[in-house]
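Student: Supplied in structure tokens, the structure appears directly below.
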Amino acid sequence: MAGVSVDEQPLPVGEVRATSALNGPARTSKLLPTLEMVAAEAGVSRSTVSRVVNGSPKVRPDVVATVSEAIARLNYVPNRAARSLASAQTYAIALVVPEDVTRFFGDPYFASVVKGITSRLDTSDYMLNLLVASSDPSRKTRRYLQGGNVDGALVVSHHSSDSDLAELNRALPVVFGGRPAGPDLADSYFVDVDNITGAIQATEHLVGRGHRRIATITGAPDMPAAVDRLAGWQQAMQRAGLATDAVADGDFTIQGGATAMRTLLDRYDDLDAVFVASDLMARGALATLFERGVSVPKDLAVVGYDDSPAATSGHIQLTTVSQPSEQMGQRMAEMLLSILAGEVPAEHACIMPTRLVVRDSA
């Protein structure tokens, strides 16, 4: 066989020459920039570049800027497949929503939380995988999550009946959106708002406006947020010396809110206000009040919870408790990224404040 002639002239730094008996003469191509080259360009260590690439919150902003500039100059692109093989990481995070698809896409709360999560992950090298499942996740979902397909998980809208979540929490790093339910999840990491205080704010606003027969429409009773908002309403009512019997479950849906409002109107003929544990349910309640010819807020005042787009989407602008849903999503992602980087958060719980937004309905 005839030999292949190779030009032995030295190559410029950063270039490599390949030859092939099939392709003919040697060709020259640029070497892909490496993590070490970025580190040398930025004047930092390789581990610092790795932290920046992975979105670690522990790197100073000025160092992040310097490394980012070096990455841009060298046009460095992390090799996800190689890094996954080398580190046994997938660079994927699952967003687990134990709800049906209709509820997930119909509730603006989820859109706000997901927006916050993705905005934080955009500055990291992690991809987000969305898993919308029923309140009893399928065996297929469990196998996927526990089979090494993701490095960690974010869970929102969980129920106390979601027994699989405790098993998931033992299998990989998990951060919950909302206080986890059940003793098996007592030490879990989570981000939430002060739901009890938020409900107290809403109820005290109604009491301060002179209302005395104040009902409440609750969310699903197996969800911690619903339990806490009911508890806040009860505390404020008891402090004011008012009855706490007018309660109906609206299941955190528009239809549920409408049905609950009908139940309350049929059962109590002296109501003058209602605290509704979500804006979505409040929209349903307003529809029922309109059907019954009840004027809002003249005949009956309404306060919602969330300050979502549903609060301002109708002809009556809702007075509501504002919770920072987008910021909650950002903080959830931030907490999980810290855990994945080996930087244990100082506290298991991050509790964010609420505030009352006064509009037309109360």
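The values are calculated or read from the model by the stated rules, or taken from the named source; none is laboratory data. Here the structure is a predicted model, which means the values were calculated and not measured. Virtual Cβ from ideal backbone geometry, glycine too; neighbours counted across all protein chains shown.
Student: Could you check, for segment 326-349, whether at least one of its residues is more than 22 Å from the chain's Cα centre (by Cα) and crowded, with 18+ Cβ neighbours inside 10 Å?
Tutor: no
Student: Return the residues of segment 306-362 that are assigned by TED's automatic domain parsing to the domain that holds H205, assigned to a loop (DSSP other than H, G, I, E, B) and of a type in the set (A, V, I, L, M); say none if nothing qualifies.
Tutor: Passing the criteria: I316, L318.
Student: Kindly evaluate T263 against the criterion of being surrounded by fewer than 20 Cβ atoms within 10 Å (Cβ to Cβ), part of a helix (DSSP H, G or I), touching a helix residue (DSSP H, G or I) at 6+ places or on another chain (Cβ under 9 Å) and among the hydroxyl-bearing types (S, T, Y).
Tutor: no
Student: Considering only segment 164-253, give the helices (runs of 4 or more DSSP H) lying wholly within it that have at least 1 residues that are modelled with pLDDT of 90 or more and of a type in the set (S, T, Y).
Tutor: Of the helices (runs of 4 or more DSSP H) lying wholly inside segment 164-253, those with at least 1 residues that are modelled with pLDDT of 90 or more and of a type in the set (S, T, Y) span 195-208.
Student: Filter segment 294-309 down to the residues that are under 30 Å from F105 (Cβ atoms) and more than 21 Å from the chain's Cα centre (by Cα), then identify the one that is surrounded by the most Cβ atoms within 10 Å (Cβ to Cβ). So that I can check it myself, show each step before the final result.
Tutor: Just the residues of segment 294-309 that are under 30 Å from F105 (Cβ atoms), to begin with: 296, 302-309.
Right, trim to more than 21 Å from the chain's Cα centre (by Cα) and you get 296, 302-303.
Details: V296: 19, V302: 26, V303: 32.
Applying the filter and picking the extreme gives V303.
Student: Check whether at least one residue in segment 272-289 is surrounded by fewer than 19 Cβ atoms within 10 Å (Cβ to Cβ), without any contact (Cβ under 8 Å) to a residue 24 or more places away in the chain and of a type in the set (G, A, S), and report yes or no. Step through it out loud before you land on a result.
Tutor: Here is the first cut: in segment 272-289, the residues surrounded by fewer than 19 Cβ atoms within 10 Å (Cβ to Cβ) are 272, 287-288.
Still in the list and also without any contact (Cβ under 8 Å) to a residue 24 or more places away in the chain: none.
No, segment 272-289 has no match at all.
Student: Counting only residues that are closer than 19 Å to M223 by Cβ and outside any strand (DSSP E or B), how many does segment 88-117 have?
Tutor: So the answer is 16.
Student: So the check is Cβ under 7 Å with 6+ separation or different chains; which pairs have a first residue in segment 322-351 that's polar (S, T, N, Q) and a second one that's part of a helix (DSSP H, G or I) and surrounded by fewer than 18 Cβ atoms within 10 Å (Cβ to Cβ)?
Tutor: Short answer, once both residue conditions are applied: Q330/S119.
Student: Something else now. Does segment 280-293 hold any residues that are of a type in the set (A, V, I, L, M) and within 31 Å of the chain's Cα centre (by Cα), and which are they?
Tutor: Within segment 280-293, L280, M281, A282, A285, L286, A287 qualify.
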